[in-house]
1. Which of the residues spanning segment 101-139 are surrounded by 13 or more Cβ atoms within 10 Å (Cβ to Cβ), polar (S, T, N, Q) and under 25 Å from the mean Cα position of the chain (by Cα)?
2. Mind checking which residues of segment 73-130 are among the charged types (D, E, K, R) and in contact (Cβ under 8 Å) with a residue 40 or more places away in the chain?
3. Would you point out which residue out of L142, L135, L188 is farther than 29 Å from L255 by Cβ and outside any helix (DSSP H, G or I)?
4. Here's a check for you: in segment 56-100, which residue that is more than 26 Å from the chain's Cα centre (by Cα) and of a type in the set (G, A, S) is farthest from T260 (Cα to Cα)?
5. Restricting attention to segment 154-162, does a residue exist that is assigned to a helix (DSSP H, G or I), hydroxyl-bearing (S, T, Y) and at negative phi?
6. Could you list all residues from segment 154-188 that are modelled with pLDDT under 80 and either more than 21 Å from A132 (Cβ to Cβ) or exposed (fewer than 14 other Cβ atoms within 10 Å of the Cβ) (or both)?
7. Right, S272: surrounded by fewer than 21 Cβ atoms within 10 Å (Cβ to Cβ), among the hydroxyl-bearing types (S, T, Y), touching a helix residue (DSSP H, G or I) at 6+ places or on another chain (Cβ under 6 Å) and assigned to a helix (DSSP H, G or I) or not?
8. Could you tell me which of the residues V170, V265, V205 is farther than 17 Å from L119 by Cα and in a helix (DSSP H, G or I)?
Amino acid sequence: MRGMAGHALRIVLVVVLGGFAGAALARYAPGWGVDDEDLNSSLSAASHAALHASDANGSNPAAFYVDYWGRLLRGDLGTSVALHEPVSQLLKERVPETCKSVGAGLALAWTMGLGLALLSLLPVARFAAWGAWLLASLVLCLPAAVLALLCVYAHASGRLAIGLIVFPRVYQFTRNLLARSAALPHVLTARAKGAGECRILLRHVLPVAAPQILALGGVSVCMALAACVPVEALCDLPGIGQLAWRAALSRDLTLLVNLTMIMTVVTLAANSGMDLLGGLIGEGRG
């Protein structure tokens with residue numbers, strides 16, 4: 001119970017500080033106060049003045065953040081300045097799409113990564129291990145935007161790009177972790193007694209490595225969410241990644257703060273959940 005309370009308190013503090021940091025970074029980033037509509041000669045002087053007045057509302061990030069929390073505690077997430085829609089409505093429309101993208105990407109990454117990592121430990125699959133290592137190294141060298149563009153040119157789903165972005169991290173970490181666990185004395189003893197390789201992996205290697213693999217599971221959620229920003233923007237997927245890209249380009253403070261806090265909550269909740277689950281598994285083995 002104390003561990004859960006500590007995780008909850010950490011999430012609250014990081015969310016509050018992360019939201020303010022997002023607002024401050026957007027305010028003091030180059031380009032604040034400049035709008036594409038400034039080049040539109042068809043707008044009247046009053047329209048230009050109204051545009052700059054809306055920017056002035058967020059010129060003081062501290063005042064903006066205090067006002068934001070006042071509205072948030074009343075259940076009001078605010079209105080997007082760039083899209084002129086309530087943030088709650090935008091999130092309702094786009095969060096399901098990102099959940100599908102993250103879920104499909106993680107399923108692909110973990111199926112390939114963990115499966116190839118387990119396969120690479122079998123003596124009969126040495127060539128497969130080299131092939132998996134080469135594939136992971138090649139994909140790791142490609143930026144996320146390049147993988148997204150390749151999916152566009154190949155008419156493939158952008159969710160494939162998310163899976164490929166996460167895959168090499170999952171494969172390399174789990175392979176090294178499983179190889180280290182396979183070299184422990186009790187595993188060598190089981191092998192010396194004639195136990196089969198599959199039995200050794202399932203009963204002696206995976207249980208030892210499970211807590212750290214679960215911790216990687218929480219981190220992989222963060223990696224998949226980060227990958228959603230370039231992938232959804234380039235593949236035209238209507239999720240919160242694309243929404244974050246548009247909000248950053250337009251310096252939409254209200255939308256940026258909400259998205260920052262949502263991604264922070266999801267990331268910390270995933271990491272904390274996996275940490276607690278890994279601790280329970282460790283206590284059960286002890």
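The values are calculated or read from the model by the stated rules, or taken from the named source; none is laboratory data. Note that this is a predicted model, so its numbers are computed, not measured. When we count neighbours, we look across all protein chains shown, and the Cβ atoms used for this are built from the backbone with ideal geometry, even at glycine.
1. Kept after step one, since they are surrounded by 13 or more Cβ atoms within 10 Å (Cβ to Cβ), are these residues of segment 101-139: 101-106, 108-122, 125, 128-129, 131-133, 135-136, 139.
Of the ones still in play, those that are also polar (S, T, N, Q) are 101, 111, 120.
Hits for segment 101-139 are S101, T111.
2. Taking segment 73-130 as the starting set, the residues that turn out to be among the charged types (D, E, K, R) are 74, 76, 85, 92-94, 97, 100, 126.
E93, R94, E97, K100, listed by residue number.
3. On the way: L135 fails: outside any helix (DSSP H, G or I); L188 fails: outside any helix (DSSP H, G or I).
Residue meeting the stated conditions: L142.
4. Only one residue fits best here, namely A56.
5. Start the filter on segment 154-162 by keeping residues that are assigned to a helix (DSSP H, G or I), which leaves 158-162.
From what's left, hydroxyl-bearing (S, T, Y): none.
No; the residues of segment 154-162 include none that is assigned to a helix (DSSP H, G or I), hydroxyl-bearing (S, T, Y) and at negative phi.
6. A183, L184, H186, V187, L188, listed by residue number.
7. Details: surrounded by fewer than 21 Cβ atoms within 10 Å (Cβ to Cβ): yes; among the hydroxyl-bearing types (S, T, Y): yes; touching a helix residue (DSSP H, G or I) at 6+ places or on another chain (Cβ under 6 Å): yes; assigned to a helix (DSSP H, G or I): yes.
Here the answer is yes, as S272 does meet what is asked.
8. Values: V170 fails: farther than 17 Å from L119 by Cα; V205 fails: farther than 17 Å from L119 by Cα.
Exactly one of V170, V265, V205 is farther than 17 Å from L119 by Cα and in a helix (DSSP H, G or I), namely V265.
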